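Before any comments, here is the structure.
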Amino acid sequence: AALGPGAVHVPDWLGIAEQRELVEACRGWARPPAGLRVVRTPGGGTMTARQVGLGWHWFPYGYARSVVDGDGAPVKPMPPWLAELGRRAVGAARSAVAGNGDAYGDEHAYDYDIALINFYDGDARMGMHRDSDEKSGAPVVSLSLGDTCVFRFGNPHTRTKPYTDVELRSGDLVVFGGASRLAYHGVPRVHPGTAPRDLGLTGRLNITLRVSGFTD
Ligand code: MD3
Ligand code: FE
């Protein structure tokens with residue numbers, strides 16, 4: 001279903017076997033060096049979701065090739081199979097909503113070179129923000145695993161209303177392109193204990209795939 005112009009939600013896109021494989025891969029990426037970390041914000045606070053990056057390391061507010069605000073290790077590489085999953089996701093979102101092809105362009109052209117993986121426990125949240133540290137306008141692909149969350153999808157102009165709240169469940173895909181690429185969004189809550197029993201995951205994982213647009 002369309003969430004907004006260029007924003008498409010495809011519930012249950014990943015089967016349970018693919019979800020398990022992604023969870024297992026995330027466990028590996030979470031391990032040090034350059035593993036899961038607490039993100040410190042410039043104001044002296046910390047993000048409640050823990051994060052690990054592949055390809056590039058995100059810090060407030062930029063990207064680097066090593067964990068400049070953590071253990072200093074080089075960031076793990078972006079696996080080609082994950083970049084391919086990103087292209088497949090854009091194609092699936094285009095097919096799911098007629099008329100979104102223009103917003104997305106040709107997915108074959110997108111070289112997904114960043115994965116940001118956020119881990120949420122039951123108390124974690126993400127405040128309303130825009131993702132504007134990438135130089136490419138390629139659509140952002142979001143994959144949800146584990147506990148259901150409330151995702152708040154806003155508008156490109158203000159952090160506040162109007163916004164739409166939608167539940168994202170394990171296996172759901174959302175693609176944000178076109179006019180939605182710079183929309184404010186956040187995660188006001190997670191529903192603990194709602195992950196599929198056979199996934200073997202406590203909490204919620206979100207994988208976003210992005211094109212940096214950096215030459216290096
Ligand atoms: C809309 N993550 O990593 S996924 C983020 O569930 C982020 O962890 C949330 O916001 C999460 O930056 C939301 C949905 C999402 C991700 C990136 C976007 C929506 C987006 C980029 C542009 C517009
Ligand atoms: Fe975001």
Modelled label-to-label distance, residue 38 and residue 1, 7 Å Cα→beta-carbon offset: nm? 3.8
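Using a cut-off of 12 Å between beta-carbons, work out the net charge of the residues near residue 125 (Lys and Arg +1, Asp and Glu -1, residue 125 not included).
Values: positive: 152, 189, 204; negative: 121, 123.
Net charge in that neighbourhood comes out at +1.
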What ranking do 76, 161 get, fewest neighbouring Cβ atoms within 10 angstrom at the top? 161, 76
Listed residues 195, 30, 109, most fluctuating in the chain (Gaussian network, C-alpha, under 10 Å): 109
Assign unit charges at the C-beta atoms only (+1 for Lys and Arg, -1 for Asp and Glu), then state the dipole size of segment 65-152 relative to its Cα centre in Debye, rounded to the nearest 20. 160
Kindly identify the chain as rounded, prolate or oblate by the Cα gyration tensor criterion: order the square roots of the eigenvalues as a ≥ b ≥ c, call it rounded if a/c is under 1.5, otherwise compare a/b with b/c, prolate if a/b is larger, else oblate. rounded
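To make sure I understand, if each residue's beta carbon is the centre and we count other beta carbons within 10 Å, what order do 144, 132, 212 fall in, fewest to most?
Details: 144 26, 132 9, 212 19.
If I rank by nearby Cβ atoms, fewest first, I get 132, 212, 144.
Between residue 202 and residue 106, what is 0.36 nm times their sequence separation minus the Cα-Cα distance? Round to one decimal in nm.
Gain on stretching residue 202 to residue 106: 30.9 nm.
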Could you check the simple spin-label distance between residue 121 and residue 189, using points 7 Å along Cα→Cβ, in nm with one decimal? 1.9
For segment 1-143, build the charge dipole from Cβ charges (+1 Lys, Arg; -1 Asp, Glu) around the Cα centre, then report which of 43, 92, 129 sits farthest towards its positive end. 43
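Rule-based calculations on the coordinates, nothing more; no lab input. Because the structure is a prediction, the values reported are computed rather than measured. Here Cβ is always computed from backbone atoms with ideal geometry, including for glycine, and neighbour counts include all displayed protein chains.
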